[in-house]
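One structure is given here, and the rest of the page talks about it.
The values are calculated or read from the model by the stated rules, or taken from the named source; none is laboratory data. Values in this document were obtained by computation on a predicted structure and should not be read as measured data. FYI the Cβ positions are ideal-geometry reconstructions off the backbone, even for glycines, and counts take in every protein chain you see. Side chains are part of the model used for accessible areas, which takes the heavy atoms of the whole protein and leaves out ligands, DNA and RNA. Shrake-Rupley method; radii C 1.70, N 1.55, O 1.52, S 1.80 Å.
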Amino acid sequence: MRRILIFAFILFGSRFCFAQEQILINSLKKEMNRFVDELQKQQYPPYFIGYEVSDIQSARVDVSFGTIEHSGTTTRRILDIDLRVGSYKLDNTHRIKDRGFSFSAIDSKMLPLDNDESAIRSAVWNATELAYKNAVNKYQSVVTSKAVNVQEEDTSADFSREQPSKYFEPKKLYSIDIKKWEDILIYASRVFNDNKWLLGAKISFYFENVYKIIINTEGTEVAVNEPRFRILITIRTKAEDGMILYLYKTFFAFDENGLPSKDSIAEATKTLVTKLDKLRNAPLMETYSGPAILSGEATGVFFHEIFGHRVEGHRQKDPNSSQTFKTFLNKKVLPDFISVVFDPTKKEINGIALSGYYKFDDEGILGQRVVSVDSGIFKNFIMSRSPIENFPNSNGHGRKQAGYKSVARQSNLIVEAYKPIPVGELRHQLIEECKKQGKDYGLLFETVEGGFTFTGRTIPNAFNVMPIIVYKVFVDGRPDEMVRGVDLIGTPLTTFSNIIASGNDLGVFNGICGAESGGVPVSASAPSILVSKIEVQKKQKSETKPPILPAP
């Protein structure tokens, strides 16, 4: 149901002065220090207490077929507590055999929105009391488990020792003209009404500023703004054989002025509808194994799914994880003309904003550029404050959504190519590779929606990436043919070994990655790549026919 707004112009927040922000910070510090002092008398005193407050202000407008479905604003203030008993070497977060790692949000609480010290301290006290009791119970289970089970493969400490960070930004004031965005999206979405075959179509505007305050008993005091603006266009239909098809387009910026104009959004919407119309009438793709080109954007998503998740440090500690690259330190995993970097300090690339940018991670550690693969040689994992063998410290990649616990997560993944060739030459090499292998055509993956990867030991160590726009590129010179209905599958090390060339272009994907610690903003930037052999399988499809009657 549409939320009715009394005022068309919504002004978020009040202009916080330093004194007002300091009320919240001081309230946290007073309760933290009080617990540290008093709990020293207990059998299991905490050796570390960390508070993160996410003061979230957001706006959202959803428009479908020229009609507003939702329009409104929200304000939340969430406290997450990382309280540890035991020692840096062994504490209550330690994995207990057969239970796996815990990433639940049991130590989170909503805080009052007003800066009333008494109300804030009361809420913090209540949440910290519960967090401490939970920590003691877990630590006792950890000690018991350690006494009766064999030694773990990775004997690293449970928590790293780090230098405290000091950084302060005042909370920013954002004014969002909701009525303006309603009008823009209504205008752009009217193209949907002319296409009765669309089963679903929506344009959304999102704004969120997360003002993060991170303090801990080591002396860290960080306060930063993390604003993000997005436009998302999604459309959906069914082919005659029942296959559900959809396309999307996103725009991302750190400032409202960085989003496209009204006419640009409308033009992008029309282009997307035209592509989906062509896709629903495209032939089904058969099973295929052979050469292929992945566009820059597709390559970025491809590396995010099949490489990025496998180099997140905490997975190397889990005995149930495949730990694909754990034994590949200083060994070749990619061609020597490719490097892979994770860089949260990079705000844009080639003028395009990167969603995975941040100054400090969610453990208060300064974001750092991490070279994971250097000229094909594996060098580094991305790390939170959970150490692993040979990697005792964080490199600023402990990340989470408010309400979760931090683990190592990706930021801005950047695939760097040292011997790029023009994209036209890459296409020529694709055709030559097809001829060499006796193939009538190769594939061009233009757009990928995402995917998933298996990292456990009890199932095949494989990936499934889901393309949505794919073309056949014919050896005999016929025009490219759009096809549908395939998933890109394989195993990572084999697929990486089949990369034979890269283009001189660059594609950028901005999105939200969901994993154990919730949804975090990420980006992936990469050139097009040529792979000598890739495998696709038929996509699952519905057996239900399209609607009998057209849309009214």
- [ ] Could you pull the Rg and Dmax for region 299-407, using just the Cα atoms, both in Å?
- [x] 13.9, 42
Open item on the list: Could you give me D for the chain, from Stokes-Einstein at 10 °C and 1.306 mPa s, where the hydrodynamic radius is the Kirkwood radius over C-alpha pairs? Units µm² s⁻¹, please.
Closed with: 62 µm²/s
TODO: Please list TRP197, TRP125 in order of solvent-accessible area, largest first, computed with a 1.4 Å probe with all protein chains present.
DONE: TRP125, TRP197
Open item on the list: Quick check: residue separation of VAL371 and GLU152 times 0.36 nm, minus the Cα distance between them. What number comes out in nm?
Closed with: 76.0 nm
Open item on the list: Modelling each spin label as a point 7 Å along the Cα-to-Cβ direction, I'd like the LYS533/THR491 distance in nm, to one decimal.
Closed with: 1.2 nm
Task: Approximate spin-label separation TYR47-ASN126, in nm, with each point projected 7 Å along Cα-to-Cβ - done: 3.2 nm
- [ ] Please list, or write none, the lysines whose alpha carbon is within less than 16 Å of the alpha carbon of LYS249, excluding same-chain residues fewer than 8 places away.
- [x] LYS202, LYS262, LYS270, LYS275
- [ ] Using a 1.4 angstrom probe, figure out how much accessible area the chain has per residue, in square angstrom, rounded to the nearest whole.
- [x] 44 Å²
TODO: Compute the distance in nm between two label points, each set 7 Å from the Cα along the Cα-to-Cβ direction, one at ILE23 and one at LYS332.
DONE: 6.4 nm
Open item on the list: Keeping all protein chains in the complex and leaving out DNA, RNA and ligands, what accessible area do you get for ILE244 with a 1.4 Å probe, in Å² to the nearest 10?
Closed with: 90 Å²
Task: Ordering of 246-252, 476-482 by packing [mean C-beta count within 10 Å, highest first] - done: 246-252, 476-482
Open item on the list: What is the percent carbon and sulfur in the accessible area of the chain, measuring with a 1.4 Å probe over the protein chains and ignoring ligands?
Closed with: 52 percent
- [ ] As a check on your grasp of the helix formula, calculate [θ] at 222 nm for the chain: sum -39500 (n - 2.57) over DSSP H runs of n ≥ 4, divide by the residue count, round to the nearest 500.
- [x] -7000 deg cm²/dmol
Open item on the list: Within region 400-416, name every residue whose backbone N is under 20 Å away from a label modeled 7 Å from Cα of ILE96 along the Cβ vector.
Closed with: 405-406
- [ ] Using 0.36 nm per residue of separation minus the Cα-Cα distance, give me the extension gain between GLU117 and LYS419 in nm, one decimal.
- [x] 102.8 nm
